[in-house]
1. Identify the single condition in (1) at pLDDT 95 or above; (2) away from the ligand (no atom under 16 Å from the Cβ) that Tyr252 does not satisfy, given that it satisfies every other one.
2. Residues of the range 374-411 being in contact with a helix residue (DSSP H, G or I) (Cβ under 6 Å, 6 or more places away or on another chain), under 20 Å from Ile188 (Cα atoms) and either within 11 Å of the ligand (Cβ to nearest atom) or not charged (D, E, K, R) (or both), which ones?
3. Is it fair to say Phe379 is over 26 Å from the mean Cα position of the chain (by Cα) and at pLDDT 90 or above?
4. Any idea how many residues of the range 392-405 are assigned to a loop (DSSP other than H, G, I, E, B) and surrounded by fewer than 22 Cβ atoms within 10 Å (Cβ to Cβ)?
5. Of the conditions (1) within 13 Å of the ligand (Cβ to nearest atom); (2) touching a Pro at 6+ places or on another chain (Cβ under 9 Å); (3) aliphatic (A, V, I, L, M), Val481 satisfies every one except a single condition; which number is it?
6. When both residues are 6+ apart or on different chains and their Cβ atoms are under 8 Å apart, which pairs have a first residue that lies in the range 402-429 and is without any contact (Cβ under 8 Å) to a residue 40 or more places away in the chain, and a second that is basic (Lys, Arg)?
7. If a residue must be within 16 Å of the ligand (Cβ to nearest atom) and not in a helix (DSSP H, G or I), how many such residues does the range 412-440 contain?
Amino acid sequence: MVSIVRSGSGRVMRWLLVYHNQYHTLWSLKKNMDDCVGGKRRGFEQQRRHKWEGYDEIRGEVNCPRCSNQMPLIFSNRPFLSSIQDNGMYQALKICPFCKTAFYFRPHKLFPFLHGSFIEIARLNNHSPTPNPSPTPKHIFHVLNQFVVGHHKAKRVLSVAVYNHYNRIRLKDDDDSVQPEKSNVLLIGPTGSGKTLLAKTLARIVNVPFAIVDATTLTQAGYVGEDVESILYKLLLEADFNVEVAQQGIVYIDEVDKITKKADSLNTGRDVSGECVQQALLKMLESTVVSVPDKGARKLLSGDSILIDTKNILFICGGAFVNLEKTISERRQDSSIGFGVPVRANMKDCGFTDSVVTSSLLENVESADLIAYGLIPEFVGRFPILAGVSALNEEQLFQVLVEPKNALIKQYKKMFKMNNVNLHFTDDSLRLIAKKAMAKNTGARGLRALLEDVLTEAMFEIPDKAHMDKIKGVLVDEEAVGSVNGPGCGAKILYRDDDELEGPARATCL
Ligand SMILES: Nc1ncnc2c1ncn2[C@@H]1O[C@H](COP(=O)(O)OP(=O)(O)OP(=O)(O)O)[C@@H](O)[C@H]1O
């Protein structure tokens, strides 16, 4: 929920903005709108313009439904075309200055509350060269909170890192010899904890192109696999081949823990060692001009290439670094914090759970731990910002299901709504799904698979037009989900005909 403040008056009136989903927004006006309809309009500032005399404007601040940045908005009952007769309807057209997305505000009714929806018309220019104005760390943190559950400390670290990075770019024309260096970020945390989501959301907030690559597929030129240059080709693609824009994008390199010496010893089957891949990445991570083969083809086969300067590209690397906490614990023991007793054992004795111990250790990760793990010092040196995220606990998995703007439950409800069917979940069923995901140990990644299991049969049945008008709704309760280790009967399709319960649930549940 976001409040909109009416401007132009000493008395601030708050409105309530409720997001339906990313594109459509329901507007509610807390204050009874009685004042502003039927010609009374006492509550609003009336701005008369010479050409459009007689029409009213309502000024507000809204958060862009796409990028969440705040922008001013003016609703007017002035028709968009002078040839169209005045129908008294308030409406607004707006291009978000941050993500360059054009929206039309279509009101449905003004009384008793202002109701309407945002319609995305077009994205004019996907990305702007330097985000202007650069969102502040607090704003970045606030938006991250809307999309990513938990990881409070990592979000603060990332908010500051991204703010500084883009501020640093703005300094580029300064004559001053002081030039802040680039600070790439290394995110450490278990699978499905939201590392990629964090990086993706950051790119969205600052509205720059974003590319994801898997470190395990990278290799050196001449070997089977992707050359490191292909990373920049992906960024170029995202930037619609606008080199200036691509040069300020964010690259997320996943699974960097798989290009360590330790991973090599597990025989990954690659032609080149992980260490060679780290070496190949070094120049790009820092600042160099890379010749990116056109069409992403290999340099040897292709004629043309595009030059990309990486000095303003923010690289975020992520990896699970399984058992890294042991290395950290051993180091801390050496530095006598544990008085000879392993730190982990110490903390466990104090009643901390395994995950709390792990996350607290990961928050104290240092470059030396990563070198001990098998990253080469030169590689680690290019990541001055280290952030640890811990495995999500059961409560957080529950929150992932319902709270983020793009929460899974909201996505499925929307899909069912497309067939005019309401999907309901009981609170207990969602908690059970979270429990099952915990047992699977795949973090939030496992939640979607569990929901698919429960909903597939219902999704198979519902679009069948013959039954659609008879359907009252679809219910997911504990029985539908089953138990921690066993499957349930699947979502229950409720028919208008009283006691009728059909679909996958019928045989087992009734
Ligand atoms: N903290 C979180 N808040 C909200 N959603 C999350 C969170 N963590 C994971 N998810 C959900 O789980 C999905 C997978 O997460 P993501 O890919 O970011 O994990 P990851 O840590 O990068 O995993 P991996 O290391 O395996 O790549 C996301 O698309 C998102 O829907």
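1. Tallying (1) at pLDDT 95 or above; (2) away from the ligand (no atom under 16 Å from the Cβ), Tyr252 fails exactly one: (2).
2. Hits for the range 374-411 are Gly374, Ile376, Pro377, Phe379, Val380, Ile385, Ala387, Gly388, Val389, Ser390, Ala391, Leu397.
3. Yes: the conditions hold for Phe379.
4. 4
5. If we test Val481 against (1) within 13 Å of the ligand (Cβ to nearest atom); (2) touching a Pro at 6+ places or on another chain (Cβ under 9 Å); (3) aliphatic (A, V, I, L, M), just (1) comes out false.
6. Val402/Lys410
7. 0
Table: residues versus (1) among the charged types (D, E, K, R); (2) in contact with a His (Cβ under 6 Å, 6 or more places away or on another chain); (3) at pLDDT 90 or above.
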{"residue": "Lys417", "(1), (2), (3)": "yes, no, no"}
{"residue": "Val421", "(1), (2), (3)": "no, no, no"}
{"residue": "His424", "(1), (2), (3)": "no, no, yes"}
{"residue": "Leu432", "(1), (2), (3)": "no, no, yes"}
{"residue": "Lys435", "(1), (2), (3)": "yes, no, yes"}
{"residue": "Ala449", "(1), (2), (3)": "no, no, yes"}
{"residue": "Thr456", "(1), (2), (3)": "no, no, yes"}
{"residue": "Pro463", "(1), (2), (3)": "no, no, no"}
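The values are calculated or read from the model by the stated rules, or taken from the named source; none is laboratory data. All values derive from a computational prediction rather than experimental measurement. When we count neighbours, we look across all protein chains shown, and the Cβ atoms used for this are built from the backbone with ideal geometry, even at glycine.
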